[in-house]
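The values are calculated or read from the model by the stated rules, or taken from the named source; none is laboratory data. No experiment lies behind these values; they were computed from the predicted model shown. When we count neighbours, we look across all protein chains shown, and the Cβ atoms used for this are built from the backbone with ideal geometry, even at glycine. These area figures cover heavy atoms from the full protein model, side chains too; ligands, DNA and RNA do not enter into them. Shrake-Rupley method; radii C 1.70, N 1.55, O 1.52, S 1.80 Å.
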Amino acid sequence: MAFKPHDLIPGVESETQRELFRIQAEISQDLQALAAKTPTTPVQARTYFAKYDEVVRIRPPAGGTKLVLARPSPAMAGSKVTLITEGAAGSVTIECVNGVVDGLTTRTLTAAIGAIIFTHNGETGWFSSEGGVGAVGPTGAGGGTGATGSTGPTGTTGATGGTGATGATGSMQGAVGLHYRYEGLGLGTDPGAGKMRRGNGVFFVGTELYFNDVDTNGDNLVTLINTFEDSTNPVKGFIQIIDVADDTKWILFQVNDVSDTTFEVVSVTIISTSAAWTESVRDVLVLFSRAGDKSTVTGPTGGTGPTGATGGNGVTGATGPTGGTGSTGPTGATGTNGTNGAIGQFGGAFSLPYNFSSTTTDSDPGSGTIRFNNASSSLTTVIRIDLLDSNVTTVTALLDQIDDSTSTVKGYIRVANKTSTNINNCVTWLTGTGNNVNGDQLQFLFDRSGDAGTGAGVAGINGAPGPPGRDGMRGPPGQGIDALNYSQIKLIASYRA
């Protein structure tokens, strides 16, 4: 596309506008080439269901046309649907089965002539890249930090800098929930589709949990379960098994290892169990909380100690021949690294049962009840929780711990519907599906953030003062005395996260 003076956009530099026109021409050429090489499907119907990697050509009638894109599927991430509209007399409405288009349930194009490419993200639905360049919009927010440049030549060693600022809060690493049918005790065999069992019932003794590759929903969880051993910590994480029908029945394990045969074998140690737990067949919720990685940070080396004071002059003796220079003593050995700190206590989710109230007023929700301040889960900013859960147990002490972390992000809350696989996150919305209805039985889960780091490397010990100088010798010609040698002492501190 040639640049024309009358195409100038007021308030925008001419060089910028030339670049915009060049990009517009390239996009138009690419879309035309794609339409020419790719077989297209002409559409005249009111509603059309598009296939993956299909090019659809639509001339909408006055009443409009609906284009329905395929449901989200991780296996089809990156697939594309190209929509070409011609002579639009009516609008084109785009929807996704059980998903969104550009973050919306319904996307409507009016009087659009051209081509748009919809790309599948493999999770929530489709996002579009429209052909053509529109009018220049307002100046956007500043871009992120650019890539690190190549390493320059080594300069002289500068002074030691101060301690850097505390890093940002890490990404969310809360509990993962799996649905299985618990089959009780049993050694070394596949429990069957949708089922799990454990090896023995002895506390604080190593045992194994056996999971079938698919859960009760028919989802294949091999890849997910194999991540249970990804932490570099000897303790990989913790698994809590909770009875879906009665959350007072639970058992807690420490995860040591994972092996993959024809089914999943998780090596564990039994930590604790509720008094109500019994060995019987039941539907369970399996919660996994990953342990943090082992720290690899070593504190800085301490500075060199000051030079010792000069010794006093000795009595002058007869002048003798100059003695030979003594050899330099060997450098002292470097101190060993400090031992790693002990493994931290279990910091996974605690879980409380409640009944959901759809009321959004600012008042006590009532015994065993939880409510949000908005009817839409994704718009919720406040959760109101009674101090008694649905088992009429006082949980004040647990709820008071929610803001104990010194981190800016105190933790993460999950509100899980016990009768379905839907999970809603509240207070500051992160992700979720659907809204609960009045009377739903819920599971309230909280993951506490780790405290902000305050540690620093231990300073090295100052060097010992130098010895006083020796007195000169009287009498016959003197002989040289070798200089004494001293080893520098270094203290190397090792920290563990």
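Values computed for the structure shown
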quantity	calculated
Filtered residues of region 134-187 (kept if at pLDDT 80 or above and under 30 Å from residue 279 (Cβ atoms))	176, 177, 178, 179, 180, 181, 182, 183, 184, 185
Residue that is nearest to residue 190 (Cα to Cα), among those in region 209-241 that are of a type in the set (A, V, I, L, M) and either open to solvent by less than 10 Å² (accessible area, probe 1.4 Å) or more than 25 Å from the chain's Cα centre (by Cα) (or both)	209
Single residue of 35, 50 found to be in contact with a strand residue (DSSP E or B) (Cβ under 9 Å, 6 or more places away or on another chain), at pLDDT below 80 and open to solvent by less than 60 Å² (accessible area, probe 1.4 Å)	35
Output for region 69-109, where each listed residue is of a type outside the set (A, V, I, L, M), open to solvent by 20 Å² or more (accessible area, probe 1.4 Å) and under 14 Å from residue 120 (Cα atoms)	71, 72, 73, 74, 78, 80, 95, 98, 102, 103
Cβ-Cβ under 7 Å pairs, at least 6 apart or on other chains, region 372-393 side at negative phi, far side buried (at least 17 other Cβ atoms within 10 Å of the Cβ) and of a type in the set (Lys, Arg)	384/371
Within region 240-301, strands (runs of 3 or more DSSP E) holding 2 or more residues that are in contact (Cβ under 8 Å) with a residue 60 or more places away in the chain and in contact with a Gly (Cβ under 6 Å, 6 or more places away or on another chain)	282-290
In region 51-100, the residues that are more than 14 Å from residue 118 (Cα to Cα), in a loop (DSSP other than H, G, I, E, B) and more than 32 Å from the chain's Cα centre (by Cα)	59, 60, 61, 62, 63, 64, 86, 87, 88, 89, 90, 91
Single residue of region 380-397 satisfying the filter (in a strand (DSSP E or B) and aliphatic (A, V, I, L, M)) that is farthest from residue 165 (Cα to Cα)	388
Within region 192-208, considering residues that are more than 14 Å from residue 279 (Cα to Cα) and open to solvent by less than 40 Å² (accessible area, probe 1.4 Å), the one modelled with the lowest pLDDT	207
Selection from region 117-133 of residues that are at pLDDT below 85 and in contact with a strand residue (DSSP E or B) (Cβ under 7 Å, 6 or more places away or on another chain)	129, 130, 131, 132
Region 398-439, subset assigned to a loop (DSSP other than H, G, I, E, B), at pLDDT 70 or above and open to solvent by less than 30 Å² (accessible area, probe 1.4 Å), residue nearest to residue 352 (Cα to Cα)	436
